[in-house]
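One structure is given here, and the rest of the page talks about it.
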Amino acid sequence: MRETAGYYVVKQRAVPEVLLKVVEAKRLVESGKALSVQEAVERAGISRSSFYKYKDDIFPFHDNAQGTTITLTFQMDDETGLLSDVLKIVADCGANILTIHQSIPINGVASLSLSVQILPTTGDVSEMLQAMEARPGVHHVKIVAKD
């Protein structure tokens, strides 16, 4: 059976600790804060074999997002100014809004779909999503597509 490369977007809390430590070790090496892989893995608290086993298979979402379009869906309360606040978060992050679709609110909650272009000047996409989720009245932020 042929193995295909499948990709998943998962929240950090769902990622095993060893993989998060691999990301940290890669960051230490790439930033020059560790002079060798050995130093980086020691500081991250993993073995060299774990580092080499997973180093090409995990990366922070924002590192691979530039030049792409992500589609987000979420629900939000029918509250004056809430959509404007969400769009401001996207603008403050430096991303480009391509499409907006908001349903008519039912029982005080509307569904929203945003297509956002990630530019080279865009900040950390994870921080953008966290800011959206932290906004009172916003529920269930999910990435449903990445092109």
**Item:** Helix axis angle, 125-134 relative to the chain longest principal axis, alpha carbon, degrees
**Value:** 50
**Request:** Give the calculated FRET efficiency between Asp92 and Val18 to the nearest 0.05, with a Förster radius of 41 Å applied to their Cβ-Cβ distance.
**Result:** 0.75
**Fill in**
Note: Ile100 to Tyr8 extended length (0.36 nm per residue) minus current alpha-carbon separation gives 30.7 nm
**Message:** Checking the cross-link filter: which aspartates and glutamates have an alpha carbon closer than 14 Å to that of Lys142, excluding same-chain neighbours under 8 positions apart?
**Reply:** Glu127, Glu133
**Asked** Over 27 Å between Cα atoms, which of Lys21/Lys146; Lys33/Lys88; Lys26/Lys88 qualify?
**Response** Lys33/Lys88; Lys26/Lys88
**Item:** ³J(HN,Hα) computed for each position of segment 26-39 - Karplus, 6.51 cos²θ - 1.76 cosθ + 1.60, integer Hz, glycine/proline x
**Value:** 4, 4, 4, 5, 5, 8, x, 6, 10, 7, 8, 4, 4, 5
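FYI, it's all coordinate maths here, none of it is from the lab. Computed from a predicted structure; not experimentally measured. Cβ atoms come from the backbone with ideal geometry, glycine included; neighbour counts cover every protein chain shown.
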